[in-house]
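Enquirer: Take this structure, written in structure tokens, and hold onto it; I'll ask about it next.
The values are calculated or read from the model by the stated rules, or taken from the named source; none is laboratory data. Everything numeric here is computed off the predicted structure, so don't read it as measured data. Heads up, the Cβs are rebuilt from the backbone with ideal geometry, glycines too, and the neighbour counts pull from every protein chain shown. Heads up: the accessible areas ignore ligands, DNA and RNA and are worked out on the full protein's heavy atoms, side chains in. Shrake-Rupley method; radii C 1.70, N 1.55, O 1.52, S 1.80 Å.
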Amino acid sequence: MEAALYTLCAVAGWVAFGYMVRLQRRHPSRARRAICVGLGAFAAGITAAIPPIATAVDEASGLPNLAKVISHGCALTISANAEIMLLHFALPPARAAARARVWVRVTGLAFLVMAGLFAYTLSYDDPVLLTVEYATDPVVTAYLLVFLVLGFFAYCFDIARLCWGFAKICGRPWLRRGLRITAVGAAFALLYSTNKIVYLVAYWAGYQPTGERQIAAVLVTIGALLITVGLTMPAWGPTLRITRRWEDLHSYRRLEPLWRDLVAALPELELDSALRRPLTAARDIDYALTRRVAEIRDGRLALRPYSDVSVTALAEQFAERAGLTAEQRRATIEAAHLACALRRHDAGLAADTPQPADELHRPDDGYAGEVAWLTLVTDAYARSPVVAQTLAATRNRTTGDARR
């Protein structure tokens, strides 16, 4: 059973890796590159863990446990890579980079310790395996605890927390679903680690429990498959035609608050008033959503003479106090610019220092990325207290300009 489950995971890993590499070549992005590295490490590590392959690697090298060390090193790489990717999603760039450097150093140091402990076991007259059955050997216990506590408990707990938290504020439906599935997969990885540690304690206590490998194989398979599906879902999920119309309709409705105010201020933006009727829009939702996105972007450009650079500093100050993530911060600043520019437009007051055109955010992933980005901006425009605070802080300036 163990060999069959690990083989299933390896096949799934290599298929997912190939799919993401091909997608990365066509549409390069940092997020996809990180996923490719993680999936490649996962596929290589789980392949090395397949019992016949592990035995062949050990015999060919003459080093017992080499395949297991390779597999564990790949597991640390997967966890570290996923953690770093999520940190850049969830935190401002500077904080994310600082946290990422810490994790890289900790991971590198942990693997060096593991490699040293592995090398020490090679000096034994009687070979040992780096498994819980040899847990009464202090070196084996130390090796396993370093691997389990860092590679699974520390990383997987944080990965589950970050995925679940970021999914709550994520604009893309398929990314949100993928993050939640990844979080559940990380929870199964925590169960895997807990299972190992329970058996370690049992062996140290003098018991000889059985079934650890079978339980571990099941937990690792479930966790690995869920994480693989979760990490790749944002790429293949939107291609499922059965859900695209619903997602487009949902995005169309979410964009309405910002679109409605822009069209009210700039009626010339609206080219097809028939799309105001819900049934008309629903019948041709692809066209309706495309028009709404284009009209919002045209409105943003039309308001550029009224968008003052001073708004950025104010919105950043309020966003910092609110503890927003990097993506939330960017969307909220954009929304604050639009809200303040609309008020200036209504008052007939051009900005003292207009925002440069090259500062407009251009999201990745083409049209899908554009829709996701504008829904985040619209949500912030309609509900963010940061936008309300920025409007209040700039109200006196606008009033003073109007009096002059």
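Enquirer: Go through the range 276-293 residue by residue and turn each phi into a ³J(HN,Hα) via Karplus (6.51, -1.76, 1.60, θ = phi - 60°); whole Hz please, and just put x for glycine and proline.
Expert: 3J(HN,Hα) across the range 276-293, in whole Hz: 5, 7, x, 5, 5, 5, 5, 5, 9, 5, 4, 5, 4, 5, 4, 5, 5, 4.
Enquirer: Share of the range 1-112's accessible area from carbon and sulfur, percent, 1.4 Å?
Expert: Details: 3900 of 5610 Å².
Carbon-and-sulfur percentage of accessible area, whole number: 69.
Enquirer: Enumerate the amide H contacts of Ser307 below 5 Å, restricted to partners 5 or more residues apart or on another chain; note that Pro and chain-start residues carry no placed amide H.
Expert: Answer set, sorted by chain and number: Ala351, Gln355.
Enquirer: With a 1.4 Å probe and all protein chains left in place, how much accessible area per residue does the range 173-229 have, in Å²? Kindly include the intermediate steps, with their values, before the conclusion.
Expert: Working: 2550 Å² over 57 residues.
Ligands and nucleic acids excluded, the figure is 45 Å² per residue.
Enquirer: Given the rule -39500 (n - 2.57) for each run of at least 4 DSSP H residues, summed and divided by the residues of the chain, what is its mean residue ellipticity at 222 nm, to the nearest 500 deg cm²/dmol?
Expert: Working: 17 runs with 313 residues, N = 404.
For the chain, the value works out to -26500 deg cm²/dmol.
Enquirer: Also, I was wondering about something else. Could you tell me the extents of the chain's C-alpha atoms along the three principal axes, largest first, rounded to whole Å?
Expert: 91, 44, 34
Enquirer: On C-alpha positions alone, give me the angle between the axis of helix 241-254 and the longest principal axis of the chain, in degrees, nearest 10.
Expert: 50
Enquirer: Oh, and also: Taking the Cα centre of the range 138-284 as the origin, how large is its charge dipole in debye, to the nearest 20, when only Lys and Arg (+1) and Asp and Glu (-1) carry charge on their Cβ atoms? Mind showing how you got there, number by number?
Expert: On the way: 17 positive and 10 negative charges, 60 e Å.
Approximately 280 debye in magnitude.
Enquirer: Beyond 18 Å, what share of the Cα-Cα pairs of the range 190-291 is found? Please give it as a whole percent. List each step's numbers first, then the result.
Expert: Values: 3455 of 5151 pairs.
Of all Cα-Cα pairs in the range 190-291, 67 percent lie more than 18 Å apart.
Enquirer: From the gyration tensor of the Cα coordinates in the range 1-105, what semi-axes in whole Å does the equivalent ellipsoid have, largest first, with each one equal to sqrt(5λ)?
Expert: Working: eigenvalues 170, 62, 20 Å².
Calculated on Cα positions only, the semi-axes equal 29, 18, 10 Å.
Enquirer: Could you report the range 1-135's accessible area per residue, 1.4 Å probe, as an integer in Å²? The partial results should precede the final answer.
Expert: Details: 6830 Å² over 135 residues.
The answer is 51 Å² per residue.
Enquirer: What is the magnitude of the charge dipole of the range 76-152 about its Cα centre, with +1 placed on the Cβ of each Lys and Arg, -1 on the Cβ of each Asp and Glu, and no other charges, expressed in debye to the nearest 20?
Expert: Dipole magnitude for the range 76-152 comes out near 680 debye.
Enquirer: How tilted is helix 385-403 with respect to the longest principal axis of the chain? Cα atoms for both, answer in degrees (0 to 90, nearest 10).
Expert: That works out to roughly 30 degrees.
Enquirer: Still on this structure, please answer the following. For the range 296-313, take each phi angle, set θ = phi - 60°, evaluate the Karplus expression 6.51 cos²θ - 1.76 cosθ + 1.60, and give the result in whole Hz per residue in order, putting x for glycine and proline.
Expert: Here the 3J(HN,Hα) series is 5, 5, 4, x, 4, 5, 5, 8, 4, x, 9, 9, 8, 5, 5, 5, 4, 4 Hz.
Enquirer: Quick one: 3J(HN,Hα) in Hz for the range 377-383, Karplus 6.51/-1.76/1.60 with θ = phi - 60°, rounded, Gly and Pro as x.
Expert: Here the 3J(HN,Hα) series is 4, 5, 4, 5, 4, 7, 10 Hz.
Enquirer: Cα-based Rg (one decimal) and Dmax (whole number) for the range 253-328, in Å?
Expert: For the range 253-328, the Cα-based Rg and Dmax read 15.6, 44 Å.
Enquirer: Rounding to the nearest 10 and keeping the result within 0 to 90°, find how far the Cα-based axis of helix 30-49 lies from the longest principal axis of the chain.
Expert: Tilt of helix 30-49: around 20 degrees.
Enquirer: Per residue, how big is the convex hull around the C-alpha atoms of the range 1-61? Give it to me in cubic angstrom, could you? Can you show the working numbers first?
Expert: On the way: hull volume 4.4 nm³, N = 61.
So the per-residue Cα hull volume is 72 Å³.
Enquirer: Here's a follow-up. Within the range 167-212, what whole-number % of the accessible surface is contributed by carbon and sulfur, with the 1.4 Å probe and all protein chains included in the calculation?
Expert: Details: 1420 of 2160 Å².
Its accessible area is 66 percent carbon and sulfur atoms.
Enquirer: Whole number in Å², please: accessible area per residue of the range 290-369, 1.4 Å probe, ligands, DNA and RNA not counted. Can you show the working numbers first?
Expert: On the way: 3600 Å² over 80 residues.
So the range 290-369 comes to 45 Å² accessible per residue, rounded to a whole number.
Enquirer: Using the Cα centre of the chain as the reference point, and only Cβ charges (+1 on K/R, -1 on D/E), how large is the resulting charge dipole? Debye, rounded to the nearest 20. Numbers along the way, then the final one.
Expert: Values: 44 positive and 35 negative charges, 265 e Å.
In total the dipole reaches around 1280 debye.
Enquirer: Could you order the peptides 277-283, 372-378 from most to least packed, using the average number of other C-beta atoms within 10 Å per residue?
Expert: Details: 277-283: 12.4, 372-378: 23.7.
Highest-to-lowest ranking by the protection proxy: 372-378, 277-283.
Enquirer: Please state, as a whole number in µm²/s, the translational diffusion coefficient that the Stokes-Einstein equation yields for the range 183-229 at 37 °C and 0.692 mPa s, with Rh defined as the Kirkwood radius across alpha carbon pairs. Write down the numbers at each step before the final one.
Expert: Values: Rh = 11.0 Å.
The estimated diffusion coefficient comes to 297 µm²/s.
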